[in-house]
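The values are calculated or read from the model by the stated rules, or taken from the named source; none is laboratory data. Just so you know, these numbers come straight off a predicted model, no measurement behind them. Cβ placement follows ideal geometry from the backbone for every residue including glycine, while neighbour counts extend to all protein chains displayed.
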Amino acid sequence: MTERITQLNKEVSAFCGTKAPDIEDFRIQMLGKKGKITLLFDDFKQLSGDEKKAVGQLLNQLKNLAQQRIAELKQKADDNDAPAHSIDTSRPAAGNDEHGSRHPIAVMRSEILAIFGKLGFTIAEGPEIEDDWHVFGALNFAPEHPARDMQDTFFIDTQNADNPTLLRTHTSSVQVRTMENQAPPIRVVCPGRVYRNEAISARAHCMFHQVEGLYVDKDVSFADLKQTLLYFAKEMFGNKVEIRLRPSFFPFTEPSAEMDVSCSLCGGKGCNVCKGTGWLEVGGCGMVHPKVLQANKIDPAKYSGFAFGMGIERLVMLKYQVRDLRLYFENDVRFLRQFR
Ligand code: DAH
């Protein structure tokens with residue numbers, strides 16, 4: 001029996017299984033109901049008292065050795081099978097915490113409104129389906145103005161030839177709606193979607209967004225307009241930015257100007273974004289034409305006002321270098337994800 005114990009001791013010490021099922025097989029072979037060591041205990045029971053004394057200790061040692069060895073090898077095998085990081089089963093499943101992102105147009109829109117909000121401008125909105133009067137007539141567009149042409153404007157219903165229904169081509173229509181409903185002082189910004197009959201390309205789209213501004217009160221001057229736009233530019237592009245007003249023409253303002261900001265990329269030195277000029281155009285502006293005030297029953301002898309309009313896509317382009325207008329409406333998540 002001693003011999004048998006010595007032999008099994010060797011067998012146990014030599015065993016070095018690494019896979020959990022092999023180790024379990026070995027345990028059954030040794031310590032299972034019919035295991036080699038278990039059977040030795042049955043034999044042990046047949047021994048006489050003296051023999052038991054001699055063998056008992058050795059047999060117990062063998063059993064302990066086998067149990068220890070098996071436990072050690074099992075632990076190692078478990079460690080090998082476990083993933084590098086333990087799993088936290090209480091964590092929410094991956095992917096469920098994705099919230100999406102805000103559209104760059106929406107981000108820019110609220111940035112613009114927040115800046116003018118600080119100057120006391122409130123938000124006004126109007127319909128996208130408009131009539132000729134609000135888009136053109138009340139804004140002093142001559143009857144033969146090209147914007148009134150089918151090629152430039154989407155008409156919806158031309159049955160009423162004097163005042164056809166159309167998709168607004170600019171947010172200046174909201175100026176008119178505001179003046180209709182509100183007496184001066186008026187200080188509003190009007191964000192919204194506008195439509196023009198253009199072929200879609202990187203630089204033109206049939207649908208885009210503008211923010212219109214209107215300020216009507218006593219003694220509103222061109223200096224007020226300039227200061228307001230300068231404040232806006234500094235808030236939007238940083239303190240170093242400069243603005244430039246170039247004489248221009250709009251039927252609804254007199255005098256009218258085109259507003260440029262110094263190129264934030266090259267700091268005004270000239271680069272390919274500003275086409276070497278150092279300036280970037282952001283919108284139009286001017287003093288509200290007396291005829292527009294009159295058309296809206298505001299006395300131009302008493303009141304004056306300024307107005308401005310800028311493209312939201314244009315501002316996103318200048319701030320984030322988005323060069324292709326089509327990207328805004330294609331809903332490619334790789335593009336949208338970049339704005340938060
Ligand atoms: N409505 C003009 C456009 O769509 C932009 C504009 C220019 C708005 C001058 C104004 C303004 O209020 O004063 O091109």
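Would you check if residue 226 is free of Cβ contacts under 8 Å to residues at least 12 places away in the same chain, of a type outside the set (Gly, Ala, Ser) and either surrounded by 16 or more Cβ atoms within 10 Å (Cβ to Cβ) or in contact with a helix residue (DSSP H, G or I) (Cβ under 8 Å, 6 or more places away or on another chain) (or both)? No; evaluated as a whole, the condition is false for this residue. Checked against (1) closer than 21 Å to residue 220 by Cα; (2) of a type outside the set (A, V, I, L, M, F, W, C); (3) assigned to a helix (DSSP H, G or I), residue 134 passes all but a single condition, namely (1). The residue that is farthest from residue 112 (Cα to Cα), counting only those in the stretch 232-280 that are within 11 Å of the ligand (Cβ to nearest atom) and either among the aromatic types (Phe, Trp, Tyr) or modelled with pLDDT under 95 (or both), is 249. In the stretch 66-83, the condition of being assigned to a loop (DSSP other than H, G, I, E, B) and more than 30 Å from residue 150 (Cβ to Cβ) is met by at least one residue.
Taking every residue in the stretch 66-78 that is over 14 Å from residue 14 (Cβ atoms) and pairing it with any residue that is buried (at least 18 other Cβ atoms within 10 Å of the Cβ), at least 6 positions away or on another chain, the pairs with Cβ-Cβ distances below 7 Å are 74/23; 77/23. Number of residues in the stretch 130-152 that are in contact (Cβ under 8 Å) with a residue 24 or more places away in the chain and more than 12 Å from the ligand (Cβ to nearest atom): the value is 11.
Only residues that are away from the ligand (no atom under 14 Å from the Cβ) and in contact (Cβ under 8 Å) with a residue 12 or more places away in the chain: list them for the stretch 167-182, please. Walk me through it before giving the result.
First, pick out the residues of the stretch 167-182 that are away from the ligand (no atom under 14 Å from the Cβ): 180-182.
Scanning the stretch 167-182 gives a single hit, 180.
Residue-level check: of (1) within 60 Å of the chain's Cα centre (by Cα); (2) without any contact (Cβ under 8 Å) to a residue 12 or more places away in the chain; (3) in a loop (DSSP other than H, G, I, E, B), residue 16 misses just (2). Screening residue 228 with (1) on the phi < 0 side of the Ramachandran plot; (2) away from the ligand (no atom under 16 Å from the Cβ) gives one miss only, at (2). Scanning the stretch 183-212 for residues that are of a type in the set (Val, Ile, Thr) and within 16 Å of the ligand (Cβ to nearest atom) yields 186, 188, 189, 194, 211.
Look at (1) more than 16 Å from the ligand (Cβ to nearest atom); (2) in a helix (DSSP H, G or I) and you find that residue 219 fails only one, number (2).
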